[in-house]
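Report on the following structure.
The values are calculated or read from the model by the stated rules, or taken from the named source; none is laboratory data. Since we're looking at a predicted model, the values are computed, not measured. When we count neighbours, we look across all protein chains shown, and the Cβ atoms used for this are built from the backbone with ideal geometry, even at glycine. Please note that ligands, DNA and RNA were not included when accessible areas were found on the heavy atoms of the full protein model with its side chains. Shrake-Rupley method; radii C 1.70, N 1.55, O 1.52, S 1.80 Å.
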Amino acid sequence: MDLLEFQDLKPSPDIVHSYTPSLRNNSTPIVIDNGSYQCRVGWATSSEPLLVFKNLIAKLRKERYKKENIDSSQIPLLQVGNDIVNIETVRFQLKSQFDKNVVTHFEAQEQLFDYTFSHLGIDNEKVSHPIVLTEAFVNPNSSRQYMTELLFECYNVPGISYGVDSLFGRYFSEPQQENALIVSLGYHTCHVIPVLKHKAVFDNVRRLNTGGHHIITFLHRILQLKYPAHSTSITLSRAEELLHTICEVAISYKEELTKWLDTEYYESHIKKIQLPYTSSVPSSLTLEQQKERKKELARRLTEINARKREERLAEDEDKLTQFLHIQEMFEIGIEGEELENALAEFQLRNIQDLQKNISNLSMRIEKTKAKMKSAKFTDESEEPPVKQVKTNKMVFENEKDLNEYLQNIKKKRQDILNRKLLRKQRKQDMAKRRTAAGQERMRIISQLARKEKGNDDFGLRDEDWDIYKTISKDGGDTDSDAENEKLLELEETIREYEPNELEIVNPGETYQLHVGIERYRAPELLFKPYMLGSSEAGLSEVIAYVLSLFKAEEQFLLASNVVIMGGLSSLRGLKERILSDLISVRPFKSKVNVKIAKNPGLTAWCGAKKWTKNPEFKKKMLTRQMYDEFGSEYFVTHSYSNPFYKTPKGQTIDVEAP
């Protein structure tokens, strides 16, 4: 089975495109697909978007660069879109202009517009190009009103045309089809939109408040619960990568669950993903080499301490000389301001403090010199270690004796490993509250606490040591040096006769994620939102309900052309699942056709670009004159836009008292 690895792809910063004279003089429309996940921007004459970036802003902190000694003047404190190279490092500083799929934070939206227009190369304060902008389905008037004010008042655009992303997408992918049932799978919400005779039936549209964001969060959570030791390595960005690379939609989720109970099916279908790790090379030194290395480290530490001691001695002697100079000033009769300034320089209040400090410094200097002398004597008297002659291999009469000898060595080694493991397990149990060892420890401690305070004689008797070992978190027993040395000797013997016996398991295996049923469970959230605690119906149920709102003839027209679009439409098995669920609710032998839009991520932008070529575009555009005349709430509707319902003015509602 292939071992997968995380790509951890980093976005490359967007370049500033050239603002050519043809673009500057011809008032070419700017097409902006303003999605809650990604923003796609380009000229109406471009074949594809020039800018594709996440609708995110990160406001960094200056303190972060001070700690890392980085020149903060070279790094912008406000990063937008693809300028955010590593999104996980600034996860808690991220901000979006969206609340679910509706724009509510217009300060962030203005910063994103600045980023957009500047990277298109527009170097004027006035953006003299019409804007085609996508918005959420049935976008609130207040959100559109603020957006209109922002574009007209801040950027002085000549005109705006709003449209729904999914309707623009249908206009691009299926312009000839009169009827369609659009299943738009967004980042925060999903919509089921019926279209009859090229017109969306807004009264029968239904929304599901589950989208790609919830699936990514759900997958991130269940993987962290499965691998708590790697919770920091399992990030939202990596969960998103797993969603788009290995996740699938099961045609029958219950049947899929039963399949994974089979061990063979599990082993053949599991996906193994390697987490990044730093491999530590095991030490191949013998016991004698390790002893020599310890002695070398001890010698270096002794040299460092001796050097520090010499530096400290020099400082103390210099300070003592200055103190003696001040004492001499006092003895020859110098008093007054000069003596007070000399004492104040060393934060001394009077002559008594000076004499006390002189005596303390003298004693400390004598002790330091004595330590240096004893250390020097120890180094000179130490004899070089005698090299031990390596013993030859033991000679055995036959293979049976060799096997018995090795089995005995292995048994001793395993006994030591078992004791070390038991001590480790006991230590862990002691630290937990609900284990038997932890409760027994607390019981003994509580009994000791009940003793009278005046009779605190614990520790005077020999049996008190046994009680201490029982309540100690280490169990009164730790890995001794002799035991560790014995283990090294045994392993060296085994390695000498059987070199392959002690092969270390690949450490990378402990840093692997085994993703099995999770790759089906996360996308199943679209069809079973209750797994996330939502009381809404699933996607298939919503589609069936929308169809039930129409007559039988209209249901036939809609069911025969179901179009899936949006970022999640690339999930494997999604088309087959929706087709299977639709067949189960439609009458016998009814025609059901489900298809996925080509390049679903760009259909909305391409449809909006195509709209600029439509003869109706200029007639259906909100101009500056209309804005001044009708107000910021007004906009011009067309076949691919939301309907316009004027917000009723304040009304007083009489409520009868009970």
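Pairs only if they're at least six apart or on different chains, beta carbon under 9 angstrom, first in segment 285-314 and within 27 Å of K369 (Cα to Cα), second open to solvent by less than 100 Å² (accessible area, probe 1.4 Å) and outside any helix (DSSP H, G or I); list them, first residue then second. Sorted first by the residue in segment 285-314, then by its partner, the pairs are K295/P385. Checking the structure you have, find out if any residue of segment 56-71 is among the aliphatic types (A, V, I, L, M), open to solvent by 60 Å² or more (accessible area, probe 1.4 Å) and modelled with pLDDT under 90. Among the residues of segment 56-71, at least one is among the aliphatic types (A, V, I, L, M), open to solvent by 60 Å² or more (accessible area, probe 1.4 Å) and modelled with pLDDT under 90, which makes the answer yes.
Does L150 count as buried (at least 16 other Cβ atoms within 10 Å of the Cβ), over 20 Å from T612 (Cα atoms) and at pLDDT 95 or above?
On the way: buried (at least 16 other Cβ atoms within 10 Å of the Cβ): yes; over 20 Å from T612 (Cα atoms): yes; at pLDDT 95 or above: yes.
So L150 passes the test.
Scan segment 164-174 and tell me whether some residue there is open to solvent by less than 40 Å² (accessible area, probe 1.4 Å), in contact with a helix residue (DSSP H, G or I) (Cβ under 6 Å, 6 or more places away or on another chain) and assigned to a loop (DSSP other than H, G, I, E, B). For segment 164-174, residues open to solvent by less than 40 Å² (accessible area, probe 1.4 Å), in contact with a helix residue (DSSP H, G or I) (Cβ under 6 Å, 6 or more places away or on another chain) and assigned to a loop (DSSP other than H, G, I, E, B): absent.
Suppose we filter segment 25-49 for residues that are in contact (Cβ under 8 Å) with a residue 12 or more places away in the chain and over 24 Å from K95 (Cβ atoms); how many remain? Going through segment 25-49 one residue at a time, the tally reaches 10.
Of the numbered criteria (1) within 22 Å of H638 (Cβ to Cβ); (2) under 36 Å from the mean Cα position of the chain (by Cα), the one S161 fails is (2).
Of the residues A298, A239, which is of a type in the set (A, V, I, L, M) and modelled with pLDDT of 85 or more? Before the answer, list the steps.
On the way: A298 fails: modelled with pLDDT of 85 or more.
Only one candidate qualifies: A239.
Among the residues that make up segment 323-338, is at least one of them under 28 Å from R307 (Cα atoms) and outside any helix (DSSP H, G or I)? No; the residues of segment 323-338 include none that is under 28 Å from R307 (Cα atoms) and outside any helix (DSSP H, G or I).
Are any residues in segment 220-244 in a helix (DSSP H, G or I), among the β-branched types (V, I, T) and open to solvent by 40 Å² or more (accessible area, probe 1.4 Å), and if so, which ones? Walk me through how you get there before you give the answer.
Our first condition is that a residue be in a helix (DSSP H, G or I); within segment 220-244, this holds for 220-226, 228-230, 236-244.
Subsequent filtering for residues that are among the β-branched types (V, I, T) retains 222.
Selection gives nothing.
Counting only helices (runs of 4 or more DSSP H) that sit completely within segment 502-614, those holding 1 or more residues that are open to solvent by less than 20 Å² (accessible area, probe 1.4 Å) and either under 30 Å from L133 (Cβ atoms) or hydrophobic (A, V, I, L, M, F, W, C) (or both) correspond to 539-548, 552-559, 574-585, 603-612. Under the condition of being modelled with pLDDT of 90 or more, surrounded by fewer than 19 Cβ atoms within 10 Å (Cβ to Cβ) and either of a type in the set (D, E, K, R) or within 31 Å of the chain's Cα centre (by Cα) (or both), the residues counted in segment 11-37 number 5.
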